[in-house]
Amino acid sequence: MIHFFENQAKTVFAVQTNVPLDTADIEKLNWLFGNASKIEKTILKNLFVGPRAAMVTPWSTNAVEITQNMGITGIIRIEEFEKVDKSFN
(Lines give C-alpha, C1' and ligand atoms only; values in the text may rest on other atoms or scores of the structure.)
Protein backbone atom coordinates (compact mmCIF):
# COMPACT_ATOMS: atom_id res chain seq x y z
CA MET A 1 0.00 0.00 0.00
CA ILE A 2 1.08 3.58 -0.58
CA HIS A 3 0.66 6.37 1.97
CA PHE A 4 1.06 10.04 1.09
CA PHE A 5 2.43 12.79 3.34
CA GLU A 6 2.58 16.51 2.47
CA ASN A 7 4.64 19.16 4.21
CA GLN A 8 4.10 22.94 4.28
CA ALA A 9 6.43 23.41 1.30
CA LYS A 10 3.96 21.28 -0.75
CA THR A 11 6.46 18.44 -1.06
CA VAL A 12 4.68 15.09 -1.15
CA PHE A 13 6.30 11.92 0.13
CA ALA A 14 5.00 8.60 -1.16
CA VAL A 15 5.65 5.79 1.33
CA GLN A 16 5.21 2.23 0.10
CA THR A 17 4.67 -0.33 2.86
CA ASN A 18 3.89 -4.01 3.10
CA VAL A 19 2.03 -3.57 6.42
CA PRO A 20 -0.38 -0.92 7.70
CA LEU A 21 1.23 2.01 9.53
CA ASP A 22 0.27 2.42 13.16
CA THR A 23 -0.29 5.78 14.84
CA ALA A 24 3.21 5.91 16.36
CA ASP A 25 4.83 5.24 12.96
CA ILE A 26 2.70 7.95 11.32
CA GLU A 27 3.80 10.44 13.99
CA LYS A 28 7.45 9.54 13.39
CA LEU A 29 7.03 9.99 9.63
CA ASN A 30 5.25 13.33 10.16
CA TRP A 31 8.30 14.50 12.11
CA LEU A 32 10.80 13.02 9.63
CA PHE A 33 9.15 14.77 6.68
CA GLY A 34 9.25 18.21 8.33
CA ASN A 35 5.89 18.37 10.09
CA ALA A 36 4.13 16.75 7.17
CA SER A 37 0.53 15.62 7.39
CA LYS A 38 -0.72 12.26 6.23
CA ILE A 39 -3.06 12.62 3.26
CA GLU A 40 -6.03 10.30 3.64
CA LYS A 41 -6.35 9.57 -0.09
CA THR A 42 -5.18 6.65 -2.21
CA ILE A 43 -4.89 8.67 -5.43
CA LEU A 44 -3.66 12.25 -5.85
CA LYS A 45 -4.96 14.13 -8.88
CA ASN A 46 -2.46 17.01 -8.93
CA LEU A 47 0.57 17.23 -11.19
CA PHE A 48 3.85 16.17 -9.54
CA VAL A 49 7.48 15.97 -10.56
CA GLY A 50 9.55 13.12 -9.18
CA PRO A 51 11.29 9.88 -10.06
CA ARG A 52 9.87 7.30 -12.42
CA ALA A 53 7.81 4.55 -10.83
CA ALA A 54 10.21 1.81 -11.92
CA MET A 55 13.35 3.60 -10.68
CA VAL A 56 14.24 3.38 -6.98
CA THR A 57 16.44 6.36 -6.19
CA PRO A 58 19.45 6.48 -3.85
CA TRP A 59 17.45 9.04 -1.84
CA SER A 60 14.78 6.38 -1.27
CA THR A 61 17.33 3.81 -0.16
CA ASN A 62 18.75 6.24 2.41
CA ALA A 63 15.28 7.32 3.58
CA VAL A 64 14.17 3.72 4.12
CA GLU A 65 17.33 3.01 6.12
CA ILE A 66 16.64 6.05 8.31
CA THR A 67 13.11 4.80 9.03
CA GLN A 68 14.50 1.37 9.95
CA ASN A 69 16.89 3.07 12.40
CA MET A 70 13.86 4.90 13.84
CA GLY A 71 12.16 1.56 14.55
CA ILE A 72 9.59 1.77 11.76
CA THR A 73 9.14 -1.58 10.04
CA GLY A 74 7.51 -2.60 6.79
CA ILE A 75 8.59 0.33 4.61
CA ILE A 76 9.69 -0.75 1.14
CA ARG A 77 10.26 2.58 -0.59
CA ILE A 78 9.93 6.33 -0.03
CA GLU A 79 10.05 8.87 -2.83
CA GLU A 80 9.78 12.65 -2.83
CA PHE A 81 7.59 14.59 -5.27
CA GLU A 82 7.13 18.30 -5.88
CA LYS A 83 3.65 19.62 -6.61
CA VAL A 84 3.68 21.84 -9.72
CA ASP A 85 1.25 24.35 -11.14
CA LYS A 86 -0.52 23.07 -14.25
CA SER A 87 0.03 26.39 -16.03
CA PHE A 88 3.76 25.87 -16.61
CA ASN A 89 5.17 25.78 -20.19
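The values are calculated or read from the model by the stated rules, or taken from the named source; none is laboratory data. These figures come from a predicted structure and were not determined experimentally. We place every Cβ from the backbone using ideal geometry, glycine too, and count neighbours over all the protein chains shown. Only protein heavy atoms, including side chains, enter the accessible area calculation; ligands, DNA and RNA are left aside. Shrake-Rupley method; radii C 1.70, N 1.55, O 1.52, S 1.80 Å.
With respect to the conditions (1) outside any strand (DSSP E or B); (2) closer than 12 Å to PHE4 by Cβ; (3) of a type in the set (Val, Ile, Thr), ILE78 falls short on a single one, namely (1). Please specify each residue of the range 47-60 satisfying the condition of being open to solvent by 80 Å² or more (accessible area, probe 1.4 Å) and either of a type in the set (Ser, Thr, Tyr) or farther than 15 Å from VAL15 by Cβ (or both). Matches in the range 47-60: VAL49, ARG52, ALA54, MET55, PRO58. Among the conditions (1) over 15 Å from ILE2 (Cα atoms); (2) surrounded by fewer than 13 Cβ atoms within 10 Å (Cβ to Cβ), THR67 misses just one, which is (2). Within the range 1-17, residues that are assigned to a loop (DSSP other than H, G, I, E, B) reach partners that are open to solvent by less than 70 Å² (accessible area, probe 1.4 Å) and not basic (Lys, Arg) with beta carbons closer than 7 Å, at six or more positions or on different chains, in the pairs MET1/THR17; ASN7/PHE33; ASN7/GLY34; ASN7/ALA36. Only a single criterion out of (1) closer than 21 Å to VAL84 by Cβ; (2) open to solvent by less than 40 Å² (accessible area, probe 1.4 Å); (3) among the hydrophobic types (A, V, I, L, M, F, W, C) is not satisfied by LEU21, namely (1). Of the set (1) in contact (Cβ under 8 Å) with a residue 40 or more places away in the chain; (2) in a strand (DSSP E or B); (3) surrounded by 15 or more Cβ atoms within 10 Å (Cβ to Cβ), all apply to LYS38 but (1).
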